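The values are calculated or read from the model by the stated rules, or taken from the named source; none is laboratory data. What you are looking at is a predicted structure, and each value in this text was computed from that prediction instead of being measured. Here Cβ is always computed from backbone atoms with ideal geometry, including for glycine, and neighbour counts include all displayed protein chains. SASA here: full protein model, heavy atoms, side chains in, ligands and nucleic acids out. Shrake-Rupley method; radii C 1.70, N 1.55, O 1.52, S 1.80 Å.
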Amino acid sequence: MVPALTLSVEPLAHRHHHPARRGSSGFRRSLNRAVTSRARVTMLSRQDPGADGAAGTPLFLGIDFGTSGARYALIDRQGAIHSEGKRAYAPVGDAAGWASSWRAALFQLLGDIPPAHRPSISSISIDGTSATTLIVDSETGELLAGPFLYNESFPDALPAVESIAPANHTVCSASSTLCKLVSWWNTAGSDGTGSGSAAVLMHQSDWLLWLLHGQYGVSDYNNALKVGYDPEADAYPSWLMAQPYSRMLPSVMAPGAPIAAVRDDVRSQYGLSKECVVCTGTTDSIAAFLAARTAGPGRAVTSLGSTLAVKLVSEARVDDARFGVYSHRLDDAWLVGGASNTGGAVLRQLFTDDQLVALSRDIDPAAASPLDYYPLPRKGERFPVSDPDMAPRLQPRPESDAEYLHGILESIARIEAKGYSLLRELGATAVEEVFTAGGGAQNEKWTTIRERVLGVPVRKAEQTEAAYGAALLALKGADRRVGAIAS
């Protein structure tokens, strides 16, 4: 178990959809200790349009917790970036170590924000990896199980989930949040005694936001999708609520909805305003989509980070667990897509950053590569094929490293194209234009390859980082709070 910090946690006022469990205390470890870590800090280039935070300009903080590190963006109402920075996660030795590393990165990033800006932060939102799950004791704040990471599969729970959920439902995937919950419940949580009776489910961003506001039992409908929440009905379905573990489920709100003010101890330590509010979050790929600031059916965003995630604005909702396809609610439209395990993590296993830059110069993006790979960092794929046993295919390797890289980049592009083609076959709006977010957006040769393979315009999004999308959610939450006060 991960020891807890002492937090004065107040009960969460009743939210709609589900009466989640409340707690009375939290992590006991001091915040000062939480910010000491071996994590490497890298402060990025800053954009300061001249409106200093200390002068009273409202600022909005978004924090992205991706697969390899955490990053923040601090923006104003016009979307200009006043400050940004990133932290690599500290090395971890076991699953519980991830939680400690995330917590350390969160408070380190808060400490990295220039002190002059902190009093002007009006709201905060955080995104996390989809289906990354923790089980927490709501009475002590201790971590009971997990974190179970986004790509971990629990095939032992799949038959039980398939027996209660509709055919081909989003949860009918071994890596879904519900499979993780059911697997834990069947092995440790079903006795109804001790910590099991106080256990609550939290998604990664729920847990990190909880560290800031101190209230249990609230999530957003993007993160809750893979535990079974129905964004169209705006409620948990009856087949899920009939299960004994349904009491562990959080209440659900729209992404960017105000939850509560920042905890007093966090606020005083980091110099935040008493008016600073914590808002619900979202998943990292949706935050990346929001950062691109694109809209309209047929517009899509591909996030090329450690993994590859595609999101397409569609007039029709499409869900099919056979292919790892699911739809997120995007206000009055649908954001259809899926996430593959291919992506930058494979490239980092094979090349350094300097090698990627140098070898890319020798690639002719107009020429198709004859190499046919399926690049995966390890066994298992989610989309456009849902197969936990799929093995990586990275052979044969040519003598030329540039040719090898060309083959890998083109193979990833083919997986991306297959993903968009599958969405169309299943009934989604056809893709017309693709914006690129994440680190892969920086590689112009890869962009040209992808445009050729996809057959539609591909361009780099104006903003490519999920942290920027999370900051836009924080801005949305601040506006909702003002509207609520005005009404």
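At 1.4 Å probe size, put ASP332, ASP401, ASP354 in order of accessible surface, largest to smallest. Please report the intermediate quantities before stating the final value.
Numbers: ASP332 160, ASP401 65, ASP354 125 Å².
The residues order as ASP332, ASP354, ASP401, largest area first.
Other residues lying with their Cβ under 14 Å from the Cβ of LEU158 contribute a combined charge of -1, Lys and Arg counting +1, Asp and Glu -1.
Backbone amide hydrogens, once placed in the peptide plane, bring ILE113 within less than 5 Å of nothing, excluding anything fewer than 5 places away on its chain.
Given the pairs LYS226/LYS418; LYS180/LYS418; LYS86/LYS311; LYS226/LYS311, which span a C-alpha to C-alpha distance of over 26 angstrom in this model?
Numbers: LYS226/LYS418 22 Å; LYS180/LYS418 28 Å; LYS86/LYS311 24 Å; LYS226/LYS311 16 Å.
Pairs exceeding 26 Å: LYS180/LYS418.
Accessible surface of VAL301, taken over heavy atoms with a 1.4 Å probe and every protein chain present, rounds to 0 Å².
Within the accessible area of the range 296-461, the carbon and sulfur atoms contribute 48%, probe 1.4 Å, all protein chains present. Shown in residue order for the range 309-319 are the 3J(HN,Hα) couplings computed by the Karplus curve 6.51 cos²θ - 1.76 cosθ + 1.60 at θ = phi - 60°: 10, 10, 9, 10, 6, 10, 6, 10, 7, 10, 9 Hz (x for Gly and Pro). With a Förster radius of 22 Å applied to the beta-carbon distance between LEU149 and ALA116, the computed FRET efficiency rounds to 0.05.
Sequentially through the range 261-270, phi angles give Karplus couplings (6.51, -1.76, 1.60; θ = phi - 60°) of 5, 4, 3, 4, 5, 5, 4, 5, 5, 9 Hz, Gly and Pro residues having no value and appearing as x.
Note on ARG414: accessible area approximately 80 square angstrom, rounded to 10, probe 1.4 Å, nucleic acids and ligands left out. Rg and Dmax of the chain, based on Cα coordinates, read 21.6, 68 Å. Here each label is just a point 7 Å from Cα along the line to Cβ, and for ASP264 and ALA96 those points are 3.1 nm apart. The accessible-area ordering, largest first, of the residues GLU152, GLU315, GLU403 stands as GLU315, GLU403, GLU152, per a 1.4 angstrom probe.
From the square roots a ≥ b ≥ c of the eigenvalues of the alpha-carbon gyration tensor of the range 333-487, which class results: rounded (a/c under 1.5), prolate (a/b over b/c), or oblate? Write down the numbers at each step before the final one.
Numbers: a/c = 2.04, a/b = 1.74, b/c = 1.17.
Note, shape of the range 333-487 comes out prolate.
Solvent exposure of TRP102, expressed as accessible area, is near 10 Å², computed with a probe of 1.4 Å over the protein chains only.
Shown is the FRET efficiency for GLU399 and THR448, computed with R0 = 25 Å from the Cβ-Cβ distance and rounded to the nearest 0.05: 0.55. Karplus-based coupling profile of the range 361-376, in residue order and whole Hz: 4, 8, 8, 9, x, 7, 9, 6, 7, x, 6, 10, 10, 10, x, 9, with θ = phi - 60° in 6.51 cos²θ - 1.76 cosθ + 1.60 and x standing for Gly or Pro.
Calculate, for the range 296-461, the solvent-accessible area per residue in square angstrom, rolling a 1.4 angstrom probe over the heavy atoms of the protein chains.
Numbers: 6990 Å² over 166 residues.
In whole numbers, the range 296-461 has 42 Å² accessible per residue.
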